[in-house]
Amino acid sequence: MEAPDPVQLTALASRYENGQGYRHDYSRARQLYCAAARLGHLPAQRRLAWFYANGVGAPQDKDLAGAWLKVAAVKGDMQARKFLAFIGHPDPERQPRCTYLSRFDEYARPIIPASFGRSEMDWSKDADLARGLSRPAPPQIANWVAQLAPRYGLDPKLILSVIKAESNFNPRARSHKNAHGLMQLIPDTATRFGVKDISHPIQNLHGGMAYMRWLLAYFQGDLRLALAGYNAGEGAVEKYRGVPPYKETSNYVQKVIRSYGKTTHPHVEQVVAPSRILSDSLGKRSRR
């Protein structure tokens, strides 16, 4: 599976940065720029450096900005060289990295389980294997989930409960909102998490798991908020500062939790800064 397209990631980051088709979200823009920057895209590296230099979407860190500019400057990028001269001489020991790395370019890469004994690019050449991927039975889907979910720090039973609620294990499911596949990804979410073929069941699983892990990190392990975000979008959860008052979303959260049999999920790696609604509520409690 090829890496996500850094040009597409950069374009999506720009839309979040400028509020074009999305609400302004500098933190998410920075994450997308970082994913593209790590793939060697010069415009993303320059823009990411600007974010760090100016404290946009993350604490100001001119040394980290300089580290990214040096990467671009070494490649002969004149804009990066001018920017580097403008901000001064950063700490030479700093290495380019991403804070609160979203890992679009790592965690959303579909990896066919080793039991197939071949690369993903070969599956369409084998009729039996192709049928297995295009029309997998629930036991096969459960086997994939058992192998893939731990890579995201997710409980396989939670993912199976989400799949049950989303598509009832139908990889060809498609909703009136243009959500596709086992985990009902919409095209924007698929792009956001580096999924190239939304109809490919294993790529669909990777994209859905990447998003669920992101939501659990974003809402600090609050399973109800994470599930509400998966159904209605994290923006709706933040707007209403909790589970949105949508009957569909409320029923969905209850359905998945009932199937999962738990109201909490084990800790996941902190790959994104927490939602502001959580920091606001913590601040209010600390002032009491």
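Values quoted throughout were computed directly from the atomic coordinates according to the rules given, and no laboratory measurement underlies them. Model, not experiment: these values are computed from the prediction. Note: ideal-geometry Cβ built from the backbone for every residue, glycine included; neighbour counts use all protein chains shown.
So what's Rg/Rh here for the stretch 142-184, counting alpha carbon atoms and using the Kirkwood radius for Rh? Present the calculation step by step, with values, prior to reporting the outcome.
Details: Rg = 10.7 Å, Rh = 10.6 Å.
Taking Rg over the Kirkwood Rh, I get 1.01.
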Based on the Kirkwood radius over alpha-carbon pairs, what is the Stokes-Einstein translational diffusion coefficient of the stretch 6-102 at 25 °C with 0.890 mPa s viscosity, in µm²/s?
-> 189
For 214, 68, what ranking results if the residue with the fewest other Cβ atoms within 10 Å of its Cβ goes first?
-> 214, 68
Determine the principal axes of the Cα atoms in the stretch 123-266, then give the extent along each, sorted from largest to smallest and rounded to whole angstroms.
-> 49, 28, 24
Which residues in the stretch 23-64 place their backbone N less than 20 Å from a point set 7 Å from the Cα of residue 7 along the Cα-to-Cβ direction?
-> 32-48
